[in-house]
Amino acid sequence: MNWLKYALKRLLMLIPVIIAVTFVLFVILSFAPGDVARIILGDDATQEQVAALRHEMGLDQPLLVRYVNYMIDVLHFDFGTSWISGYDILPEFARRLPYTLLVTTLSVLFAVGVGIPLGIASAIKQHSLLDYGSTFLVMLLASMPAFWLGTLCQILFCLTLRWLPVSGVGSWQHYILPSIILGASTLATMIRMSRTSMLDVIKMDYIRTARAKGASEQKILYHHAMRNSLIPVVTQIGISFAGGIGGAVVTENIFAIPGIGAMLINAVKGRDVPVVMGTIIFVTIIVGVINLIVDLICAVVDPRIDFAA
Amino acid sequence: MLRKKKKPLSEYSSWELVGYRFRKNKLAMLGVFMFMFILLVTLFAPLFVPYEKVIEQNVVDKLQGPSSKYIFGTDELGRDLFARVLYGGRVSLLCGLAIIGIAFVFGAIIGGIAGFVGGKVDTILMRIVDALMAVPSALLAMAIITALGNGVWKLVIALSIAQVSRFARTVRSSVLTLRNMEYIEAAKCYGSSSFRTIIKHILPNGIGPIVVAATLTLGAVILSISSMGYLGLGVASPTPEWGTIISENKVNIRYYPYLGIIPGLCIMLTVMAVNFIGDGLRDAFDPKSKN
């Protein structure tokens, strides 16, 4: 039951963070210029009409009052409507989120599935051809812009070779390239971290002890070294997931995936404040929950982590 | 002839040791040369090609591959890609350096105050930093762009704010570790002022991890600038910027690959050079972390 208490505590700790995040965002976005009421009503509207709408939207109230009103609405699951297109933000977000979450999850799975074995293998066979090859791959992937890699791969694999669909969603093939592209930088991190971590662990005394007492190399690797070397890597997965959702905006743009990325970019371009606000709050909550899950997984991998602390 | 005798390693000061280890690192030195080359070539761009070429349209010469007349070829509007890439590099690099500089200064102030003053001030500042760090930095930058709008300087401000929290954290933890060191206490005992303590004792000892973080962040920031340009949220066409150049040539890259490959390679090589330097500095400041 200890972990349940811990999880609840962490969830409760998320509340002040969310309040702080919304407040900071609210202050930042209040600097957006232009009269929203004027934009909505158009140039033909009279001064009175604009003033009436401003009053109706509560825009003539002080910042703090608007913030409190916004938070009360949020607690009632009302994130408002888009200033530009007029859609309800919450249902629109809920409709788009699965695409983003799917691509991000697949990309992290790809990075973990390929990166950890490759990192561990290059640590065990340090200074081998495999090690140098994977180090080179890490250098490349870490310095390539995702939109560039994505555009080039799209041209090569989708348009020229016609192996994969160019864009959109529909079949599972549509998700292959976007996930790989989004996962590319995470892959670099995973390879590097699991390699470094494994190299640290295999120098430890207890590995020498295990070897001295005659344990097989396989047992040493899987039983003693792997579990310990994976702890920092698992923590990194949570951080990568957060970065992945940010990166998804770019990937969704290249492959025309109808996730939250397109919604956010249009909102930023059109200065659609409630949409930007709502999207970022949601993403922050999701990232917070994922980090919590990752910490719980860490505790399963590493029994030394004490929930009571 | 009198020759200056080489000092043995054991007599090196800690800063000389850092320099020695850095110079011994081949990848780091390669990074320095690559970065200096790219920086000098873009800064002295007017020596190679006049700025007018960046916007001058020669429809007759449109979409020509690399040749002796156009080293990098031309785009759809007949603009010289070499000129655009060269002047675009100025925007990408100078913005990147400006962002790191601003984030560094403000991060140092916030983190320094939080670490030094402690107590309530520390709690309040760190709660704000926590809030900023809970939001993925790309999204935070987008929120700020929503408020400020497009443009080179606005992008610089947005990305700086998105990075300040990271620097504030690093600086604060450096200060917290150093604050309780005995030599700091000793300095205070013989009457060193707070200002002197910070400048003479804390700064030289705590700057290492901060410089490393700054260098490694520079690579990430250069990537962010170009991604924003690609998404149409950063530097807007016709001002050249590496990401913007790729974005404006998107439709033509398939049949004229040089339009995409050349600016992309520029981004990649720059980021790679910066990362080499950052990794080299990290190993030089903390040789134990080396594997």
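The values are calculated or read from the model by the stated rules, or taken from the named source; none is laboratory data. For clarity, every value in this text was computed on a predicted model and none was experimentally measured. Positions of Cβ are backbone-derived with ideal geometry, glycine not excepted, and every protein chain shown enters the neighbour counts. Keep in mind that these areas ignore ligands, DNA and RNA; they rest on the heavy atoms of the full protein, side chains included. Shrake-Rupley method; radii C 1.70, N 1.55, O 1.52, S 1.80 Å.
Before moving on, here are some points about what is shown:
- Those trypsin sites (Lys or Arg not before Pro) in region A:185-266 that DSSP places in a loop and that have at most 14 other beta carbons within 10 Å: A:Lys203, A:Lys213
- Rounded to the nearest 500, the 222 nm mean residue ellipticity of chain B from helices alone is -23000 deg cm²/dmol, with -39,500 (n - 2.57) taken per DSSP H run of at least 4 residues.
- In chain A, helices alone account for a calculated mean residue ellipticity at 222 nm of -24500 deg cm²/dmol, with every DSSP H run of four or more residues adding -39,500 (n - 2.57).
- Buried solvent-accessible surface, both chains (B, A), 1.4 Å probe, Å² to nearest 100: 3500 Å²
- Geometric descriptor of the protein assembly as shown, per residue, is 236 Å³ (volume of the convex hull of the Cα atoms).
- Legend: mean number of C-beta atoms from other chains within 10 angstrom of residue C-beta atoms, peptide A:275-281, equals 3.
- Loop-resident sites, region B:25-80, for chymotrypsin sites (Phe, Trp or Tyr not before Pro), counting at most 11 other Cβ within 10 Å (DSSP): B:Phe44
- Ranked order, B:Asp75, A:Asp78, B:Asp122, A:Asp44 - accessible area, probe 1.4 Å, largest first: A:Asp44, A:Asp78, B:Asp122, B:Asp75
- Close amide H pairs (under 5 Å, H built 1.01 Å from N) link A:Ala256 with A:Gly168, residues at least 5 positions away or on another chain.
- Taking a straight line from the alpha carbon of B:Lys120, these aspartates and glutamates sit under 16 Å away, with near neighbours fewer than eight places off in the same chain left out: B:Asp130.
- Taking A:Glu48, A:Glu217 and ordering them by how much accessible surface each has at a 1.4 Å probe, largest first, produces A:Glu48, A:Glu217.
- Computed over protein heavy atoms with a 1.4 Å probe, the accessible surface of chain B works out to 49 Å² per residue.
- For residues of B:122-135, the mean tally of beta carbons on other chains within 10 Å: 4
- Per residue convex hull volume, Cα atoms of chain B, in Å³: 192 Å³
- Residue pairs, from the table B:Lys69/B:Lys250; B:Lys154/B:Lys250; B:Lys26/B:Lys200; A:Lys269/B:Lys53; A:Lys203/B:Lys24; B:Lys6/B:Lys26, whose Cα atoms sit over 27 Å apart: B:Lys26/B:Lys200; A:Lys269/B:Lys53
- Using θ = phi - 60° and Karplus 6.51 cos²θ - 1.76 cosθ + 1.60, couplings along region B:197-212 (whole Hz; Gly, Pro as x): 4, 5, 5, 8, 10, 7, 4, x, 8, x, 6, x, x, 6, 5, 4
- Point-to-point label distance, A:Leu156-B:Thr177, nm (Cα→Cβ direction, 7 Å offset): 4.1 nm
- Karplus 3J(HN,Hα) series, Hz, for region B:114-126 with 6.51 cos²θ - 1.76 cosθ + 1.60 (x for Gly, Pro): 4, x, 7, 6, x, x, 5, 4, 4, 4, 5, 4, 6
- Pairwise Cα separations in region B:175-281 fall into 5 Å bins from 0 onward with the following percentages, short to long: 2, 11, 15, 13, 10, 9, 8, 7, 7, 6, 5, 3, 2, 1, 0.
- Comparing B:Ala158, B:Ala143, B:Ala83 in a Gaussian network model of chain B where C-alpha atoms under 10 Å apart are linked, the largest mean-square fluctuation is found at B:Ala143.
- Net charge in the neighbourhood of A:Met13 (other residues with Cβ under 14 Å of its Cβ; Lys, Arg +1, Asp, Glu -1) is +2.
- Once all protein chains are placed together, B:Asp279 keeps about 40 Å² accessible to a 1.4 angstrom probe.
- Residue-averaged beta-carbon neighbours from other chains (10 angstrom radius) around A:264-273: 5
- By the Stokes-Einstein formula, at 1.002 mPa s and 20 °C, region A:91-301 with its Kirkwood radius over alpha-carbon pairs has D equal to 115 µm²/s.
- Cut-off 14 Å between beta-carbons: net charge of the residues surrounding B:Arg179, Lys and Arg +1, Asp and Glu -1: -1
- The listed residues A:Val74, A:Val65, once ranked by accessible area (1.4 Å probe) with the largest placed first, stand as A:Val65, A:Val74.
- Dipole moment magnitude, nearest 20 debye, region B:38-285 about Cα centre, only Lys, Arg, Asp, Glu C-beta charged: 500 debye
- Of the DSSP H helices in chain A, those whose Cα atoms cover at least 27 Å axially and whose Kyte score averages 0.5 or more: A:2-29, A:89-124, A:173-201, A:226-255, A:273-301
- Region A:1-55 and region B:209-276: distance between their alpha carbon centers, rounded to Å: 32 Å
- Debye, to nearest 20: dipole size of region A:167-309, +1 on Lys, Arg Cβ, -1 on Asp, Glu Cβ: 460 debye
- Solvent-accessible surface (1.4 angstrom probe) belonging to B:Thr177, in square angstrom, nearest 10: 90 Å²
- 5 angstrom amide H check on B:Gly73, placed H, neighbours 5+ away: B:Ser67, B:Leu81, B:Phe82
- Integer Hz, Karplus 6.51/-1.76/1.60 couplings in order for region B:12-26, x for Gly and Pro: 5, 6, 4, 6, 5, 5, 4, x, 4, 5, 5, 5, 6, 7, 5
- Label zone of B:Ser14 (point 7 Å out along Cα→Cβ, amide N under 19 Å): in region B:204-222 this covers B:204-214.
- Neighbour-limited loop hits for chymotrypsin sites (Phe, Trp or Tyr not before Pro), region A:69-107 (at most 16 other Cβ within 10 Å; DSSP other than H, G, I, E, B): A:Phe77, A:Tyr87
- Dipole orientation for region B:174-291: of the candidates B:Met268, B:Val212, B:Leu176, B:Leu176 has the Cα lying most toward the positive pole (charges on Cβ; Lys, Arg +1; Asp, Glu -1).
- If R0 is taken as 41 Å, the Cβ-Cβ distance between A:Asp73 and A:Asp44 corresponds to a FRET efficiency of 0.85.
- Ranked by the mean number of other Cβ atoms within 10 Å of their residues, highest first, the peptides A:297-305, B:108-116 fall in the order B:108-116, A:297-305.
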